[in-house]
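Let me begin by presenting the structure, written as structure tokens, before commenting on it.
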Amino acid sequence: MTALPAAAPALAAHAAQMRWRRGCVAVLAGLVLAALLASLMSGPSPLPPLEALRALILPDEAERVARVIVWTVRLPQALTALLVGAALALAGAEMQTILDNPLASPFTLGISSAASFGAALALILGVSVPGLPAEWLVPANAFLFAALAMALLRSVAGRPGTGPSTLVLLGIALVFAFNAMVALLQYTASQSALQQFVFWTMGSVGQTGWGRIGVLALALAVVAPLSWRARWMLTALRLGEDRARSFGIDTGRLRTMALIRITLLSALSVAFVGTIGFVGLVGPHIARLLVGEDHVHFLPASALTGALVMLLAAILSELIVQGVVLPIGIVTSLVGVPVFLALVLRRKDGL
Amino acid sequence: MSGGEALRAEGLRVRLGRRMVIDGLDLPEMRPGEVTALIGPNGAGKSTLIRALARLAPCEGRVFLGDLDLLQQSAAAHARLTGYMPQAVQSGAALTVLEAVVTALRAVPDGDRSDPVMRAHAALERLGIAGLAQSRLDRLSGGQRQMASLAQAMVRGPRILLLDEPTSALDPGRQFEVMQAVQALVRESGIIAVVVLHDLELSLRWADRIVLMQAGAALASGAPEDVVTPEALGQAYGIDARIERCSRGLLHVHADGVLARHG
């Protein structure tokens, strides 16, 4: 900027603020990379950093064991954690904005409950999409039901005069409805099917593979640019519904498009790794504290924070109990709850 | 910039649910550089009317700016011509005042290629609130919040400003500041301002024209002294009112009692 900085201290302060935010996003990106490397190193047989790096970058020169550990176990799991964390947090950020509710997450609206019901159908009753390979049956079902729940929400959101509170209430109704149906299935389930289902709900990145990673990466590659394009309209929505509409924004359409993006990201995430809580809630919260709600920085910071939290949870899940990999869903909740409570208790104004 | 194209409305009808809130309302010509106040009792349809003009409420009829029918314009074109300031709502957004005004510029591009941050800052300077640029929206006082809100409404250089109770919940000093800023802006830039005001004294002090509304229709409209009469006030508000002209030529309303309601 060539304007006179002395004449406009506000402009200088604004520029400094922008630099701080870009710095935050850059540091988060660096931390994500560091956590990715750390997750390649840690596990039942730890690898020193250089060893892990060599196995990653120059697999032909690395020891066979290190190569196998990195490429067939740790990298797929780490990438899954990274992508799921980013997807859930990005979905959570958009959802908190369009619902004007800092407590919204893919869980609030019943999307995960619907996905659980889909998974339960596949695991307990063996009902799924015909013609799919066995390892895709559970994710396909979970995705279908999550998408169905979202379609229901979308059809209501599209009606004129429907505000965020109607959506939240409908979401709560969906949570109860799907939870009841899941309970019904569990009640009738066999011992082994029940065990499988309970494990699925705990969330795990252990069942991953390159196919799933590809699907997640593709979904993010399609959705993230669309969220980015809507960044100013989403920020305007934070100024109030009427205000945004007076700027010429079709807020109904904005909500609908955001809901479609949220559905795709959260349904895929839940379908592949189970019901992992709090990343979609905590990621945007931390991002908001760091960079504010200007979505230019809020969206990338949310996605990066989500990825970081999931990677750290993945590392922790192997460290808490020696020799046992805890389900990552349990760890994210155990880590997420204290962070979340600290954030909520810090707030001075109610919700 | 006086002269220019006037704003007028014909046969406005707004239905909210099953209720016809505004039924066949006409608004006389409102000229650039003038402040028109919408006054009337609770439920008269003042806010609904301003929301209809801002195209936030579905509306039938015609609203002309010169020869242009505003209701037939695209949402983007309408948004370029008008600036709307909602009734005071506390925004919990983690945004600074400057960011909010920049967002108003960037939300829907208007083809102006100049730096939005500089434009937003210039708008704040124009309103004399450049000192608030880096303050968080959710930490402003009532009067500051209204000024920040006005900045978001005017930054795109609209030809029409639609303000819904810009002075509600403010103390007299802050009311004066906000209305003074609105008037200065309107006079200097030749903007047509339509302002919902609850306070009769304020409308007498600041408005060039007054539209007195009752039950979704315009009971009277014109110059303040022609509209604000004991008879009209009695009919609209059911009060027994006296009107006095004080030393500086300003009109004052004294409500001495409530009239008995007949059916």
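The values are calculated or read from the model by the stated rules, or taken from the named source; none is laboratory data. Since we're looking at a predicted model, the values are computed, not measured. In this analysis, Cβ positions are derived from the backbone assuming ideal geometry, glycine residues included, and neighbour counts consider all displayed protein chains.
Under the condition of being aliphatic (A, V, I, L, M) and more than 24 Å from the chain's Cα centre (by Cα), which residue from the range B:96-126 is farthest from A:ARG288 (Cα to Cα)? Among residues in the range B:96-126 that are aliphatic (A, V, I, L, M) and more than 24 Å from the chain's Cα centre (by Cα), the one farthest from A:ARG288 (Cα to Cα) is B:MET118. Taken together, the criteria place A:VAL32 among residues that are at pLDDT 95 or above and either within 26 Å of A:GLN196 (Cβ to Cβ) or surrounded by fewer than 24 Cβ atoms within 10 Å (Cβ to Cβ) (or both).
A:ALA66 meets all of the listed conditions (1) small (Gly, Ala, Ser); (2) crowded, with 22+ Cβ neighbours inside 10 Å; (3) more than 17 Å from the chain's Cα centre (by Cα) but one, namely (2). Among the residues of the range A:275-290, those identified as away from every other protein chain (no Cβ under 14 Å) and either at pLDDT below 85 or surrounded by fewer than 24 Cβ atoms within 10 Å (Cβ to Cβ) (or both) are A:THR275, A:ILE276, A:GLY277, A:PHE278.
Condition first: out of contact with any Ser or Thr (no Cβ under 6 Å at 6 or more places or on another chain), assigned to a helix (DSSP H, G or I) and either closer than 17 Å to B:TYR84 by Cβ or among the basic types (Lys, Arg) (or both). Now tell me which residues in the range B:174-219 satisfy that. Of everything in the range B:174-219, those that are out of contact with any Ser or Thr (no Cβ under 6 Å at 6 or more places or on another chain), assigned to a helix (DSSP H, G or I) and either closer than 17 Å to B:TYR84 by Cβ or among the basic types (Lys, Arg) (or both) turn out to be B:ARG174, B:ALA181, B:VAL182, B:LEU185, B:VAL186, B:ARG187, B:SER189, B:ARG205. Does A:SER269 satisfy being touching a strand residue (DSSP E or B) at 6+ places or on another chain (Cβ under 9 Å) and buried (at least 23 other Cβ atoms within 10 Å of the Cβ)? So A:SER269 does not fit the description; no. Quick one: count up the residues across the range A:228-261 that are within 9 Å of chain B (Cβ to nearest Cβ) and of a type in the set (Phe, Trp, Tyr). Looking only at that region, the number is 2. Of the strands (runs of 3 or more DSSP E) entirely within the range B:31-122, those holding at least 3 residues that are at the interface with chain A (Cβ under 9 Å from one of its Cβ atoms) occupy B:82-85. Could you grab me the full set of residues in the range B:133-157 that are within 11 Å of another protein chain (Cβ to nearest Cβ) and under 13 Å from the mean Cα position of the chain (by Cα)? Of everything in the range B:133-157, those that are within 11 Å of another protein chain (Cβ to nearest Cβ) and under 13 Å from the mean Cα position of the chain (by Cα) turn out to be B:SER149, B:ALA153.
Among the criteria (1) under 17 Å from B:ARG156 (Cα atoms); (2) crowded, with 23+ Cβ neighbours inside 10 Å, the one B:ALA75 does not fulfil is (2). Of all the residues in the range B:191-206, those that are among the small types (Gly, Ala, Ser) and either over 15 Å from the mean Cα position of the chain (by Cα) or at pLDDT below 95 (or both) number 1.
Taking the criterion of being within 12 Å of chain A (Cβ to nearest Cβ) and either surrounded by fewer than 20 Cβ atoms within 10 Å (Cβ to Cβ) or under 18 Å from the mean Cα position of the chain (by Cα) (or both), would at least one residue in the range B:175-187 satisfy it? Checked the range B:175-187: no residue is within 12 Å of chain A (Cβ to nearest Cβ) and either surrounded by fewer than 20 Cβ atoms within 10 Å (Cβ to Cβ) or under 18 Å from the mean Cα position of the chain (by Cα) (or both).
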